[in-house]
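S.K.: This is the structure, below, for whatever I ask next.
The values are calculated or read from the model by the stated rules, or taken from the named source; none is laboratory data. Computed from a predicted model, the values in this text were never measured in an experiment. Methodologically, a virtual Cβ is constructed for each residue, glycine included, from the backbone with ideal geometry; neighbour enumeration extends over all protein chains shown. For the accessible areas, the whole protein counts, side chains as well, though only heavy atoms, and no ligand, DNA or RNA atoms are used. Shrake-Rupley method; radii C 1.70, N 1.55, O 1.52, S 1.80 Å.
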Amino acid sequence: MSYDVAVVGLGSVGSAVLYEIARAGRSVIGIDQADPPHDQGSHHGTVKAYRRCYYEHPDYVPLLDASLACWREVEDAAGEVLLETTGGLYIGAPESELVAGSCMSAQRHNLEHSMFDHAALRDRFPQFELPSTMVGFFEPDAGMVYCERAVRAYRRLAAGGGAEQRINTHVIGWRDDGNDVVVKTDSGEIRAASVVLCAGPWMGSLLHEHGIRIEATRQISSWFAPAGQTMCRPDVMPLWGVEIGTDFYYGFPMHDDAIGMKVGRHRPDARSDINDLDRAIRQGDGDDNAAFVAAHVPAASDRVVAQQVCPYAMSDDAHFIVDRLPASPRVFIIAGMSGHGFKFVSVLGRLVAQHVCDGAIDPSIEFLSLSRFDRRA
């Protein structure tokens, strides 16, 4: 049997693409080496951040607006909450990338926000204790996406729309034979008119022959018991990020799915081959998270209740790659989400599905195309 579309990877964005293609009435099959949601890729960890005042690049903001609308539509279809608004607090020196970049993005796109000097920051958010040189930037529309809940919802909705899903199936490779794209798996070949490759940290092995580098990074998420429940509720503690020196730490308030208060440190340079990645918690893992919490987040206790290894899929410039393969236009790739991609899952799923089905790429994602690397070269 041949399909209109085959989707390789059913985690973050793959599950959304599968649903949107099925919703468009096309025959589609999704393939995954495990059974998402699971703890082997990048989509686990109970919650991921949703932010609008995007310091990484202001061109992401229109996508974020569309993403929010898509999340709300999927919530209605699934009958459950997938994105909870908590507000977002970003702390750093006034000239830091986090604060200055968020402010620039907010001003460019006329987004609601507030600035706090150090004294006002301590009064408004006593959960934190930070150097007197730091200020706070607050956006009310930020929040957290329930990531594993979202993957389950997308897969359930996709199945209801007629999508076939082949789990616990390893993709060995693929080829374009001029008529179809043939996906080779450990249980046989699958033919499709088009293929979407979105295998997260495994994309490097699928794309290296095309000169596209995607590397995995080993990230540690830690969950801390709160010192006081009332200080860590979503109505009083927002999603937060702190740029201190050259380090960036982030965290979330307690929530219904929480085993503790989630805290992590963004470590984009801890790169390794996904096949050699140590997924076990080692001695010393999370010590940096614990030291940061002990020094700067008195609302949390120093008692770690859980830790997880989460591999990010990093592109060379830490921005997503969303494009057709130049050598094989039947193959569309979504790669290098680089630790900040889950909030975009809903809109990327829709835009990529529209592009695969109708052929026209939306101009809002042109800045994520492969051509940017050619321009820089």
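S.K.: How much mean residue ellipticity at 222 nm does the chain get from its helices, if each DSSP H run of length 4 or more adds -39500 (n - 2.57) and you divide by all residues, to the nearest 500 deg cm²/dmol? Can you show the working numbers first?
M.R.: Numbers: 9 runs with 99 residues, N = 377.
Theoretical 222 nm ellipticity from helices: -8000 deg cm²/dmol.
S.K.: Over the chain, what relative contact order in percent results from Cα pairs under 8 Å that are six or more residues apart?
M.R.: On the way: 853 pairs, mean separation 90.0, N = 377.
With pairs under 8 Å counted, the relative contact order is 24 percent.
S.K.: Which of the peptides 244-255, 344-355, 38-49 is most tightly packed, and how do the rest follow, going by the mean number of other Cβ atoms within 10 Å of each residue?
M.R.: Values: 244-255: 18.7, 344-355: 25.1, 38-49: 21.4.
The densest-packed peptide leads the list: 344-355, 38-49, 244-255.
S.K.: Next question, about the same structure. Sort 72-81, 101-110 for me by packing, meaning the mean count of neighbouring Cβ atoms within 10 Å per residue, highest on top. Could the numbers behind the result be given before it?
M.R.: Values: 72-81: 13.9, 101-110: 17.4.
By packing density, highest mean first, the sequence is 101-110, 72-81.
S.K.: How many Å² of accessible area per residue for region 243-350, probe 1.4 Å?
M.R.: Details: 4280 Å² over 108 residues.
Per-residue value: 40 Å².
S.K.: To test your reading of the geometry: what angle, between 0 and 90 degrees and rounded to tens, separates the Cα axis of helix 287-296 from the longest principal axis of the chain?
M.R.: It is inclined by approximately 40 degrees.
S.K.: I would also like to ask the following. Carbon-plus-sulfur fraction of the accessible area of region 1-74, 1.4 Å probe, in percent? Mind dumping the intermediate values first?
M.R.: Working: 1000 of 2090 Å².
Of the solvent-accessible surface of region 1-74, carbon and sulfur hold 48 percent.
S.K.: MET115 accessible area, nearest 10 Å², 1.4 Å probe?
M.R.: 100 Å²
S.K.: For region 202-295, what are Rg and Dmax over the alpha carbons, in angstrom?
M.R.: Computed over the Cα atoms of region 202-295, radius of gyration and Dmax are 16.4, 53 Å.
S.K.: Calculate what fraction, in whole %, of the accessible area of region 219-377 sits on carbon and sulfur atoms when a 1.4 Å probe is rolled over the protein chains.
M.R.: On the way: 3150 of 6500 Å².
Exposed carbon and sulfur together represent 48 percent of the surface.
S.K.: Across 5 Å bins from 0, what is the distribution of all Cα-Cα pair distances for region 166-226, in whole percents?
M.R.: Here the calculated profile for region 166-226 is 4, 14, 19, 22, 15, 9, 5, 5, 4, 2, 1, 0.
S.K.: Something else: Run down the aspartates and glutamates and flag those whose C-alpha is under 16 Å from the C-alpha of LYS343, throwing out any fewer than 8 positions away in its chain.
M.R.: Output for LYS343: GLU56, ASP59, ASP65, GLU73, GLU75, GLU84, GLU139, ASP141, GLU148.
S.K.: Roughly how tilted is helix 147-160, in degrees to the nearest 10 and between 0 and 90, from the longest Cα axis of the chain?
M.R.: Value to nearest ten degrees: 30.
S.K.: With every protein chain present, what is the per residue accessible area of region 1-126 (1.4 Å probe, Å²)? Can you show the working numbers first?
M.R.: Numbers: 4760 Å² over 126 residues.
Spelled out: the 1.4 Å probe surface of region 1-126, per residue, equals 38 Å².
S.K.: Net charge near GLY251: determine it from the other residues with C-beta under 12 Å of the C-beta of GLY251, scoring Lys and Arg +1 and Asp and Glu -1.
M.R.: Working: positive: LYS262, ARG265; negative: none.
In short, +2.
S.K.: For the chain, give me the percentage of DSSP beta bridges that are antiparallel, rounded to the nearest 5 percent.
M.R.: Working: 55 of 75 bridges.
That works out to approximately 75 percent antiparallel.
S.K.: Taking θ = phi - 60°, what integer Hz values does the Karplus form 6.51 cos²θ - 1.76 cosθ + 1.60 yield along region 182-195, in sequence order, with x for Gly and Pro?
M.R.: Values, residue by residue: 9, 9, 8, 10, 6, 10, x, 9, 10, 9, 8, 5, 9, 10 Hz.
S.K.: With +1 on each Lys and Arg Cβ and -1 on each Asp and Glu Cβ, how big is the dipole of region 246-377 about its Cα centre, in debye rounded to the nearest 20?
M.R.: Working: 14 positive and 18 negative charges, 43 e Å.
Roughly 200 debye for region 246-377.
S.K.: Whenever you get a sec, compute what percent of the accessible area on region 104-214 sits on carbon and sulfur atoms (1.4 Å probe). The partial results should precede the final answer.
M.R.: On the way: 2390 of 5220 Å².
Answer for region 104-214: carbon and sulfur cover 46 percent of the accessible area.
S.K.: I'd like to compare 122-130, 274-282, 202-210: which one has the highest average count of other Cβ atoms within 10 Å, and what's the full order after that?
M.R.: Details: 122-130: 16.2, 274-282: 11.8, 202-210: 18.2.
Most protected by this proxy first, the peptides run 202-210, 122-130, 274-282.
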